[in-house]
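Structure first, commentary second.
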Amino acid sequence: MSELRCLVCGSSQLDPLGYKCGRCGMAIGLRNEKCYVTEETKEKLLAHSSELSKFGIEIQQHESLQKSAGGDLAGVGIALQIVEAMRPGTLRDLVCFLRKLAVPEEEVLSLRLDEPEQILTYYRMDKKRNGEDL
């Protein structure tokens, strides 16, 4: 698994110059860098951290200082780390679990679990099978 991924869509494809995402053009970063998701998604992930650990995922919460136009802001960030090699089928099960938690597609992509096309296939495939609306 690539250590560098897009911070927005999760792709490991780089642009021809190698400094931004080749899929969406946004910034790239290390896999273990802070995940940029909404506060609602952070709360869901933290509340279900024990269930996520069964998938080999560790959620780390940390406080950070962020600079803004009005001064410094303290914020709480989360980092998602895959702590063990996933068994076949685990990624699909994880994506389905996140969907059941009502984590939006875009937020699941921002977690940088795998290539966006693969994540979206899993996210949408089971919705069709279970009769849920896309």
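Does any residue of the stretch 69-77 turn out to be modelled with pLDDT of 90 or more and among the acidic types (D, E)?
Of all residues in the stretch 69-77, those modelled with pLDDT of 90 or more come to none.
No, the stretch 69-77 contains no residue that is modelled with pLDDT of 90 or more and among the acidic types (D, E).
Name the residues in the stretch 1-55 that are modelled with pLDDT of 90 or more, touching a strand residue (DSSP E or B) at 6+ places or on another chain (Cβ under 6 Å) and of a type in the set (S, T, N, Q), would you? Listed by number, the residues that qualify are S11, S12.
Scanning the stretch 81-101 for residues that are modelled with pLDDT under 80, in a strand (DSSP E or B) and either closer than 22 Å to C9 by Cα or over 13 Å from the mean Cα position of the chain (by Cα) (or both) turns up at least one hit. Of all residues in the stretch 18-37, those being crowded, with 16+ Cβ neighbours inside 10 Å, outside any loop (DSSP other than H, G, I, E, B) and aliphatic (A, V, I, L, M) number 1.
Contact map, the stretch 112-124: residues that are surrounded by fewer than 16 Cβ atoms within 10 Å (Cβ to Cβ) paired with residues that are outside any helix (DSSP H, G or I) and of a type outside the set (V, I, T), Cβ distance under 8 Å, separation 6+ or inter-chain. Pairs shown: R124/L134. Of the residues making up the stretch 1-17, those that are in a loop (DSSP other than H, G, I, E, B) and closer than 18 Å to L111 by Cα are M1, S2, E3, L7, V8, C9, G10, S11, S12, Q13.
The values are calculated or read from the model by the stated rules, or taken from the named source; none is laboratory data. This is a predicted model, so every value here is computed, not measured. Backbone-built Cβ (ideal geometry, glycine too); neighbour counts: all protein chains shown.
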